[in-house]
Structures are given as structure tokens and as C-alpha cells.
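Contents: one structure, followed by commentary.
The values are calculated or read from the model by the stated rules, or taken from the named source; none is laboratory data. Fair warning: this is a prediction, and the values are worked out from it, not measured in the lab. Note that we place each Cβ from the backbone using ideal geometry, even for glycine, and neighbour counts take in every protein chain shown.
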Amino acid sequence: MVIQAGQALEAEARWSEALVHYESALRAYQNHDALMNHYRVARYHCDVGRRIHDPSYLDLIQTLSAVETLHFFEEAITQIQREYADTPRWEPLFQ
């Protein structure tokens, strides 16, 4: 039931609300793998959404060449893989 409520928020791209929902649920159901996975996806979406609307980020990416953009993306992916013990599920991020 808890995951289903979060999935309804995800389906409507209400990522901030989904994140708060999963944070609350994780306090009650610690170490629940499925909840943690949904929490991470919601957090990724919130982080990306915040970044996309950050004027300094927009200024930066508009000045990068194609090669610099690929290098920037590679660095971001490397950092994500280094900081998270679990391998990220990339597919939901690009939907």
C-alpha cells in the first residue's frame, strides 16, 4: 500500500511529494529494499529537476562543446557510481 501510493505520485511526476512520502515510509519501514529503491529514483528526479532549473548550470551547459558535454556527463556518472553502494537503475531516470 505504501509503495503503491508513492508509485501514484511517481506516475504523475510529482517527484518532490514522492520523495517526502518515501522518506516518511522509510522511517517506519527501515531497511526495506523496494522502498529504498523508489526513494532513490524520486531523489534522482528531484536532484535532476533542481539542477535543470539552476541558472548557473544552464549557463554552463550552453557554453560547452559536444566533447566537453560528454566529458561532463561521464564525470557525473562516475561520481554517482562512486557514491552509491547499489548500482543505480538508470532506465527510470531517462523516462
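Give the number of residues within segment 23-68 that are of a type in the set (Val, Ile, Thr) and in contact (Cβ under 8 Å) with a residue 40 or more places away in the chain.
If we filter segment 23-68 for residues that are of a type in the set (Val, Ile, Thr), which is where we start, we get 41, 48, 52, 61, 63, 67.
Imposing the further condition that a residue be in contact (Cβ under 8 Å) with a residue 40 or more places away in the chain reduces the set to 41, 48.
Matching residues across segment 23-68 total 2.
Could you list, in sequence order, all residues of segment 61-95 that are modelled with pLDDT under 85 and either at positive phi or among the aliphatic types (A, V, I, L, M) (or both)? Listed by number, the residues that qualify are Ile61, Ala76, Ile77, Ile80, Ala85, Leu93. Of all residues in segment 18-35, exactly one satisfies the criterion of being closer than 17 Å to Leu93 by Cα and surrounded by fewer than 16 Cβ atoms within 10 Å (Cβ to Cβ), namely Ala34.
Of all the criteria given as (1) touching a Gly at 6+ places or on another chain (Cβ under 8 Å); (2) loosely packed, with under 11 Cβ neighbours inside 10 Å, the one not satisfied by Glu75 is (1). The set of residues in segment 50-72 being exposed (fewer than 13 other Cβ atoms within 10 Å of the Cβ) and within 14 Å of the chain's Cα centre (by Cα) consists of Arg50, Ile52.
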